[in-house]
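In what follows, a single structure is set out as structure tokens and then discussed.
The values are calculated or read from the model by the stated rules, or taken from the named source; none is laboratory data. In this text, all values refer to a predicted model and were calculated from it rather than measured experimentally. We place every Cβ from the backbone using ideal geometry, glycine too, and count neighbours over all the protein chains shown. Surface accessibility is based on the protein's heavy atoms, side chains included, excluding ligands, DNA and RNA. Shrake-Rupley method; radii C 1.70, N 1.55, O 1.52, S 1.80 Å.
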Amino acid sequence: MVAALAPLVGVLLFGVSLLVIYLRGYLVPGTPMLTKRYLPDSVLGLFDKRGDDPAHTSFDDVGTIESFLRSNGALTVTADSDDLELTDSFRRAHRQQTVEYGENDTLLAAAGTFLFDGTGVGDSPRLVTLDYQPNAVVLRYDGRSLAQWESRAAMVGDVAAAEVLAGRTDDWAAIAPETRLQVLGALRLWYEQCPACGGSISLGTDVVESCCRSISVLAATCDDCGSRVFETGYDDSLTPT
């Protein structure tokens, strides 16, 4: 079951990038609303449950993910607009959890419990490791890739959010691990503080150089420690002119 999660990572990152456009309504602050018309049925299908495990709850579409986060006190509508923001209670609880993940052993144990509960990962904590790569942190179980984040800060943010949500609703345990990663990845876009150092986060566009091309990305980066908290492919052709 655990090994089957690895091939989904790329699909999840692509799905989350589209979810960002829908939930926030814009690619960068100040641009006009981009509506759900940019998400065809083939894309929305990425958010359906993988597999036929009746023990796991799935989200039918991106709107359901938003509803889940709002109904469990993670997101709320801002007072002066139709945008969303973290609730004060979630922000406080989340920050408290991130402080507790200073050591890798503590972080890995929490990841096994709150990200991959039900897969057996938490039963063998010594097999769970972190692989630090250029511009990425990879979580592995017995050498096999489970998930990848832009930075340790991004991973800390997801694990902390998972623990907070698990404490608020029994529904969290019924969600498939790959869907949990989708929800947590989307939630990261609303962070105002870096999960690693508590610094302010700025949202903007950037260009990432690979071996053979330049890639435009939408990125959330800590102003203090430079941790990349969120990054996703950015198609500037969708930006209204």
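Can you tally the net charge around L130? Count Lys and Arg as +1, Asp and Glu as -1, for every other residue whose Cβ sits under 9 Å from the Cβ of L130. Taking every other residue near L130 into account, the sum is +1. Taking amide H positions as placed in the peptide plane 1.01 Å from N, state which residues far from D83 in sequence (5 or more) or on other chains have amide H under 5 Å from it. Here the answer is T78, since their amide H atoms fall under 5 Å of that of D83.
Taking region 180-204 and a reference point 7 angstrom along Cα→Cβ of L130, the backbone N atoms nearer than 17 Å belong to 194-199. Derived scalar couplings between HN and Hα for region 118-128 equal x, 9, x, 4, x, 6, 10, x, 6, 8, 8 Hz in order, rounded to whole Hz, by the Karplus curve 6.51 cos²θ - 1.76 cosθ + 1.60 (θ = phi - 60°), x for Gly and Pro.
Here's how it looks for A147: its modeled amide H is under 5 Å from those of L139, which are all 5 or more places away or on a different chain. Just to check, using Stokes-Einstein with a Kirkwood Rh over alpha carbon pairs, what's the diffusion coefficient of region 107-178 at 25 °C and 0.890 mPa s in µm²/s? For the chosen part, D equals 198 µm²/s.
Per-residue surface analysis assigns T64 an accessible area of about 50 Å², computed on protein heavy atoms at 1.4 Å probe radius. Spacing of the modelled spin labels on R92 and D142, each 7 Å from Cα toward Cβ, amounts to 4.3 nm. Ordered from highest to lowest accessible area with the whole protein assembly present and a 1.4 Å probe, E192, E66, E103, E85 read as E103, E192, E85, E66.
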